[in-house]
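Worksheet: the structure to be examined is printed underneath.
The values are calculated or read from the model by the stated rules, or taken from the named source; none is laboratory data. These numbers were taken from a predicted model, which means no experiment stands behind them. Neighbour counts are summed over all protein chains in view; Cβ atoms, including those assigned to glycine, are modelled from backbone coordinates with ideal geometry. Surface accessibility is based on the protein's heavy atoms, side chains included, excluding ligands, DNA and RNA. Shrake-Rupley method; radii C 1.70, N 1.55, O 1.52, S 1.80 Å.
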Amino acid sequence: MSSAFEIGGRAIGGGAKPYVIAEMSGNHNGDIGRALKLIDAAKEAGADAVKLQTYTADTITLDCDGPGFVIEGGLWNGRRLYDLYREAHTPWEWHPRLFAHARAIGIHCFSSPFDETAVDFLESLDAPAYKIASFEIVHLPLIRRVAATGKPTIISTGMASPEEIAEAVDAFRAAGGKAAALLHCTSAYPAPAADANLRYMPNLGLRTGCPFGLSDHTIGNQTAIAAIALGACIVEKHFTLARADGGPDSAFSLEPAELRDLVESVRVAFDSLGSGSSERGASEQGSFAFRRSIYATRDIAPGERFSAANVRIVRPGYGLAPRNWERVVASRAAIAIKRGAPIDAAMLLADEKTENQ
């Protein structure tokens, strides 16, 4: 299986620019008009995709107050799972309109399904790709159902052990999955940058042969930008219209101007990596004027010996390199040389020429 693949004609991995996903999550705050504005904002910021989450409170949890069903600590302390998911979910009846709007303005739109019925529903909308959320990486029946669609799939790995990651990828491939990418993720909301552990991220690619990237819950953009230097080809961040508007995920979400900065910054970071070759870039060529080389400091007659009296190591750098100094001063001029001329190998008598480097 090839590691690079495409989503909607956009290359992922294989030297392509980073693919930036703007995660809407529950930041629509129950308003479809706001959801549509979020899609517009993602497009205007330059993101490649906007991502939804497809579940209902009843498909993801139970309406229950028992142990484990009330969150203890963190951003959502004291909230019942059922109530939180009822508030944050994106109504399924909105999906056709959101997908259609995204297509109309030219941005990819796909979703994280949280059970098999959500996959069936998203297939009816011709979703171009799927995302497996971190907490669903152990849901192998869901992964197999997604794999069976044949669509490109992005799998977040937050909380997962290396064995669980391998198990998920194996299940995906065994069920017919054709293309998968893995996102390193710290499943804390928000996540401290000190816990991001980006150096682990390349292991995802080494161990599975999949393109890899970062699902980032830290505050700000620095962590995502740093991930590019370690080979991330996908970056996902939550975003909102304004954090002051509130919402389940607003505290760790980017505002539109910050999302635009993320898009621009990760692409500059990617471009700055270059090819890794030692070849000088075109922008450096004019800087040879500021290197030193060997020049005539006065007119030199044919047959005259070179010496510190008639040649010097000066700027610009268009003559013989300074490492040739000893060879030059041990030589004589093959031709008449004018003051200010760069010394090159052709100016040395044939039996005393040096390399023009």
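Of all residues in segment 149-175, those satisfying the criterion of being under 20 Å from ILE234 (Cα atoms), free of Cβ contacts under 8 Å to residues at least 60 places away in the same chain and aliphatic (A, V, I, L, M) are ILE155, MET159, ALA160, ILE165, ALA166, ALA168, VAL169. Scanning segment 149-167 for residues that are among the aliphatic types (A, V, I, L, M) and more than 17 Å from PHE5 (Cβ to Cβ) returns MET159, ALA160, ILE165, ALA166. Taken over segment 266-296, residues that are of a type in the set (S, T, N, Q) and either touching a Phe, Trp or Tyr at 6+ places or on another chain (Cβ under 6 Å) or surrounded by 10 or more Cβ atoms within 10 Å (Cβ to Cβ) (or both) amount to 2. ARG280 satisfies every condition listed in (1) touching a Cys at 6+ places or on another chain (Cβ under 7 Å); (2) more than 22 Å from MET159 (Cα to Cα) except (1).
Taken over segment 299-325, the residue count meeting the criterion of being exposed (fewer than 12 other Cβ atoms within 10 Å of the Cβ) and under 10 Å from ILE337 (Cβ atoms) is 1. Within segment 113-130, the residues that satisfy the criterion of being of a type outside the set (A, V, I, L, M) and crowded, with 24+ Cβ neighbours inside 10 Å are PRO113, TYR130.
Scan segment 326-354 for residues that are part of a loop (DSSP other than H, G, I, E, B) and open to solvent by 60 Å² or more (accessible area, probe 1.4 Å) and report the count.
Restricting attention to segment 326-354, the residues satisfying the condition of being part of a loop (DSSP other than H, G, I, E, B) are 330-331, 334-336, 338-341, 343-344, 349, 353-354.
With open to solvent by 60 Å² or more (accessible area, probe 1.4 Å) added as a condition, the list becomes 335-336, 338-339, 353.
Residues that pass the stated criteria total 5.
Would you mind telling me which numbered condition in (1) touching a residue at least 60 places away in the same chain (Cβ under 8 Å); (2) under 24 Å from CYS233 (Cα atoms); (3) surrounded by fewer than 22 Cβ atoms within 10 Å (Cβ to Cβ); (4) out of contact with any His (no Cβ under 8 Å at 6 or more places or on another chain) ALA47 fails? Among (1) touching a residue at least 60 places away in the same chain (Cβ under 8 Å); (2) under 24 Å from CYS233 (Cα atoms); (3) surrounded by fewer than 22 Cβ atoms within 10 Å (Cβ to Cβ); (4) out of contact with any His (no Cβ under 8 Å at 6 or more places or on another chain), ALA47 violates only (3). Just to be sure, is THR54 hydroxyl-bearing (Ser, Thr, Tyr), in contact (Cβ under 8 Å) with a residue 12 or more places away in the chain, open to solvent by less than 20 Å² (accessible area, probe 1.4 Å) and touching a helix residue (DSSP H, G or I) at 6+ places or on another chain (Cβ under 9 Å)? Yes; evaluated as a whole, the condition is true for this residue. Only residues that are under 14 Å from ALA341 (Cα atoms) and of a type in the set (S, T, N, Q) were counted in segment 277-298, giving 2. Any chance you could count how many residues in segment 101-143 are part of a loop (DSSP other than H, G, I, E, B) and either within 27 Å of the chain's Cα centre (by Cα) or in contact (Cβ under 8 Å) with a residue 40 or more places away in the chain (or both)? Count: 12. Applying the criterion of at least 1 residues that are among the acidic types (Asp, Glu) and open to solvent by 10 Å² or more (accessible area, probe 1.4 Å) to the helices (runs of 4 or more DSSP H) found wholly in segment 147-265 leaves 162-174.
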